[in-house]
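Down below is the structure, laid out as structure tokens.
The values are calculated or read from the model by the stated rules, or taken from the named source; none is laboratory data. The structure presented is a predicted model; accordingly, all values stated were derived computationally and were not measured. Note: ideal-geometry Cβ built from the backbone for every residue, glycine included; neighbour counts use all protein chains shown. The area values use the complete protein model at the heavy-atom level, side chains included, leaving out ligands, DNA and RNA. Shrake-Rupley method; radii C 1.70, N 1.55, O 1.52, S 1.80 Å.
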Amino acid sequence: MDDPGTTILRRGIIREKRFLRKLYEEWYKEVISEIPGSSGKILELGSGGGYLKEMVPSCITSEIFACPDIDIVLDGCCLPFCTSSLKAIIMIDVFHHIPDVKRFFAEAERTLRPGGVVTMVEPWLTLWGSFVYKHFHIEAFEPDSVEWSFHSSGPLSSANGALPWIVFCRDRELFHTHFPGLRIEAIRLGYPFSYLASGGVSFHPLVPSWSYGLCRKLERALAPVMGYLAMFAHIVIRKLKR
């Protein structure tokens, strides 16, 4: 998983699997909708497997190791940007790989302009999501973890898929205590079946690509019970204007 070649391979899979590509396009539209209209740079963390730059040409793409078509190699816990220079930090399925999120948010709080956002799509803990992640996913999923950090043995192989739920739900008040300049603005739950149906980056699709719209229609109809079914969350954190 930590070989840059694997990330390059995943990028090709996301582009070629039409069902999965449609899902990523929807995720991208969700995070893009939160970007403020003010001046400032847009940074995407963990860009290697995706194609956000095709939709937001001005964004700075980044990865933790060198790979093709990336603007900068960086560590999310040490951002090489000036204070108040970013208007958005975007992540798709990346946050739960950051080994020390307190350091990341300290950097996010420093580099974001007032009114700027961290906007991400991440795994989420529900009854259904927990069952899937614990039994059918290779990454660690540890909702009982006391810490917001974990030992990193590799940039992609190390993870805690429950980390977004831990930080933004279970420890929400603690987050606001640690980072009084940031506010959790929105947590929107969804996608209980579509990623599984796509086969993700590891398996063949379970359904034909033309069924994407039907799958999403079913998921939207289940919105009232998404607190039990969701596998992903769109999370928005905003830097307060003082």
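Between Arg110 and Ser38, with labels modelled 7 Å along Cα→Cβ, what's the label distance in nm to one decimal, could you check? Simple spin-label model gives 2.0 nm for this pair.
Once the 1.4 Å probe is applied to the protein heavy atoms, the chain comes out at 46 Å² accessible per residue. Of all lysines in the structure, those lying under 27 Å Cα to Cα from Lys17, and not within fewer than 8 positions of it along the same chain, are Lys29, Lys53, Lys134, Lys217.
Per-residue 3J(HN,Hα) values for region 77-83, derived from phi via the Karplus relation 6.51 cos²θ - 1.76 cosθ + 1.60 with θ = phi - 60°, read 8, 8, 7, x, 10, 5, 4 Hz in sequence order (x marks Gly and Pro).
The GNM of the chain, with springs linking C-alpha atoms under 10 angstrom apart, assigns the highest mean-square fluctuation among Phe193, Phe19, Phe203 to Phe203.
Converting phi to 3J(HN,Hα) with the Karplus coefficients 6.51, -1.76 and 1.60 and the offset θ = phi - 60°, region 135-142 yields 10, 10, 10, 7, 7, 4, 9, 10 Hz in sequence order, with x at every glycine or proline. Shown is the FRET efficiency for Ser209 and Ile8, computed with R0 = 22 Å from the Cβ-Cβ distance and rounded to the nearest 0.05: 0.45.
To the nearest 20 debye, what is the magnitude of the charge dipole of the chain about its Cα centre, counting +1 on the Cβ of each Lys and Arg and -1 on the Cβ of each Asp and Glu? Spell out each step's value before the answer.
On the way: 27 positive and 26 negative charges, 180 e Å.
Value, rounded to 20: 860 debye.
At each listed q (0.17 Å⁻¹), what is the log10 of I(q)/I(0) that the Debye formula gives for region 73-158 modelled as equal alpha-carbon point scatterers? Values, matching the q order: -0.79.
Got a number for carbon plus sulfur as a percent of region 191-242's accessible area, 1.4 Å probe?
Values: 2030 of 2920 Å².
Carbon and sulfur together cover 69 percent of it.
The relative contact order of the chain, computed from alpha carbon pairs under 8 Å that lie at least 6 residues apart in sequence, is 22 percent. Only one item in (i) 16.8; (ii) 20.0; (iii) 12.4 matches mean projected area of the Cα convex hull in nm² derived from the coordinates shown, and that item is (iii).
So, with a 1.4 angstrom probe, what is the percent of accessible area on region 37-116 that is carbon and sulfur? All intermediate terms of the calculation are to be shown ahead of the outcome.
Working: 1670 of 2980 Å².
Result for region 37-116: 56 percent of the exposed heavy-atom area is carbon or sulfur.
Just add up the charged neighbours of Val146: K/R +1, D/E -1, any other residue whose Cβ is under 11 Å from the Cβ of Val146. With Lys, Arg at +1 and Asp, Glu at -1, the neighbours total -3.
Using the rule -39500 (n - 2.57) for each DSSP H run of four or more residues, divided by the residues of the chain, the 222 nm mean residue ellipticity is -9000 deg cm²/dmol. Here Lys239 is the anchor, and the lysines within straight C-alpha reach of less than 20 Å, apart from those fewer than 8 places off in the same chain, are Lys41, Lys87, Lys102.
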